[in-house]
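The values are calculated or read from the model by the stated rules, or taken from the named source; none is laboratory data. Just so we're clear, the structure is a prediction, and the values are computed from it rather than from any experiment. Neighbour counts are summed over all protein chains in view; Cβ atoms, including those assigned to glycine, are modelled from backbone coordinates with ideal geometry.
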Amino acid sequence: MEQPSEHIKFEVNYSIYLAEMTEIFNRRINQFCTFWQILFGAAIFGGIQHEWLLGFLIALTSAIQFVVKFGEKGGSAKSQVRRYRRLADELPQLDENQIKARMREIEETDTQPLTALYHPAKKRASIALYGVDREAEHPLTRWEQMIAFIGGGIPK
């Protein structure tokens, strides 16, 4: 059986890292919001002044979590990582058409990642596949660096 092209291998690895970074980012933001809700709630219980402001911050944080659904997005992205990793493990046994079909199938249930994770995920896939950053001539913006840091970072 013919080995898959470098482009296909890269696409599969890129998808893995994009989903993984999306999962980590959403999980960490969800945990951050939950931490602040508990902290603000404890401050109210402790009798701190300006309880109305803390109550407002709890309600705001809860509303953001409810609307954006960080936890759901993180869980969905984690499932996608498993699917992509399974495909990566099966790459040597599949031909390109089978790989493309499986990719399309998996992508149908992809979580929408932050666009700021696209470039960092490419860098991670490049480092994972080739041992070097083939995207080095295109450095990350500060925004991408910050989002990538929250989403699990990029190896050096």
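Is it the case, given these coordinates, that T22 is touching a Cys at 6+ places or on another chain (Cβ under 9 Å), in a helix (DSSP H, G or I) and at negative phi? For T22, the condition - touching a Cys at 6+ places or on another chain (Cβ under 9 Å), in a helix (DSSP H, G or I) and at negative phi - is not met. With (1) surrounded by fewer than 17 Cβ atoms within 10 Å (Cβ to Cβ); (2) in a helix (DSSP H, G or I); (3) free of Cβ contacts under 8 Å to residues at least 24 places away in the same chain; (4) not basic (K, R) as the list, and S62 as the residue in question, which single condition is left unmet? In the conditions (1) surrounded by fewer than 17 Cβ atoms within 10 Å (Cβ to Cβ); (2) in a helix (DSSP H, G or I); (3) free of Cβ contacts under 8 Å to residues at least 24 places away in the same chain; (4) not basic (K, R), S62 misses (3) alone.
Evaluation of Q80 against the conditions (1) over 16 Å from A19 (Cα atoms); (2) touching a residue at least 60 places away in the same chain (Cβ under 8 Å); (3) surrounded by 16 or more Cβ atoms within 10 Å (Cβ to Cβ); (4) touching a helix residue (DSSP H, G or I) at 6+ places or on another chain (Cβ under 6 Å) shows that the sole unmet condition is (1). Scanning segment 87-108 for residues that are touching a residue at least 12 places away in the same chain (Cβ under 8 Å) and either part of a loop (DSSP other than H, G, I, E, B) or at positive phi (or both) returns L94, D95.
For residues that are touching a helix residue (DSSP H, G or I) at 6+ places or on another chain (Cβ under 7 Å) and closer than 21 Å to E107 by Cβ, scanning just segment 65-77, find the one that is surrounded by the most Cβ atoms within 10 Å (Cβ to Cβ). It comes out as A77. Within segment 123-134, the presence of a residue that is surrounded by fewer than 17 Cβ atoms within 10 Å (Cβ to Cβ) and among the acidic types (D, E) is excluded.
The sole residue among Q93, Q49, Q112 that is within 13 Å of the chain's Cα centre (by Cα), exposed (fewer than 13 other Cβ atoms within 10 Å of the Cβ) and modelled with pLDDT under 95 is Q112.
Conditions tested, residue by residue: (1) more than 16 Å from I16 (Cα to Cα); (2) assigned to a helix (DSSP H, G or I).
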site: D110; (1), (2): no, no
site: K122; (1), (2): no, yes
site: L129; (1), (2): no, yes
site: H138; (1), (2): yes, no
site: G153; (1), (2): no, no
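Screening G75 on (1) at pLDDT below 90; (2) out of contact with any Leu (no Cβ under 6 Å at 6 or more places or on another chain) shows it passes everything except condition (1).
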